[in-house]
Amino acid sequence: MFSFPANDYQQQLIVAGLDDFTPNAALPNFWGGQYGANPEVWKQAVLDFLCINLRCGLIEATHRPEISQHRDVQALKVILTQGDMENGLPADIVWDVLYFNGTEMLNAMLEGANMRTWDALALGPDSRFITELTSLYERSATE
């Protein structure tokens, strides 16, 4: 079974369905976010979150169609770890300027669970939504 921090993923996906976000704004409660006790663990968790959700088609890089259209996880990893060489942006800047947003698929999932509202951020993990995510993640791992 695919394991992930359900509450953190659910909250970040709700945000993605309502607004855009940068990697530095992702998973703010996981290990205290970018300024928490272990920023490297948080950073890897954000990278994992972005990659799995890009691969599954739940999020897209807002202004980077070359990443989103092909769900190019490798290109995403490179730009977040090595920077955007083409545009002369170091990785730490990319984490502040690369935006992501939810896709129609994510919006449909959130609406189906009545969680496409800011109020849904206060909810605990929704078992049906988490089961659907787990299934998507497991299928994407075998593709």
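Could you work out the local net charge near ARG64, counting Lys and Arg as +1, Asp and Glu as -1, over the other residues with Cβ closer than 10 Å to its Cβ? Net local charge, ARG64 excluded: -4.
Relative contact order of the chain, please, whole-number percent, based on alpha carbon pairs below 8 angstrom and at least 6 residues apart.
Relative contact order here is 33 percent.
For the stretch 26-39, the Karplus equation 6.51 cos²θ - 1.76 cosθ + 1.60, evaluated at θ = phi - 60°, returns couplings of 7, 6, x, 9, 6, 6, x, x, 5, 10, x, 5, 9, x Hz by residue, with Gly and Pro reported as x. In a simple Cβ point-charge model (Lys, Arg +1; Asp, Glu -1; nothing else charged), the chain has a dipole of about 240 debye relative to its Cα centre. Ordering ILE52, ILE14 by the number of other Cβ atoms within 10 Å of each residue's own Cβ, fewest first, gives ILE52, ILE14.
Sorted ascending by nearby beta carbons within 10 Å, beginning with the fewest, THR81, THR103, THR134 become THR81, THR134, THR103.
The numbers here are math on the coordinates, done by the rules we state, and not lab data. What you see is a predicted model; the values in this text were computed from it and never measured. Cβ: placed from backbone, ideal geometry, glycine included. Neighbour counts: every protein chain shown.
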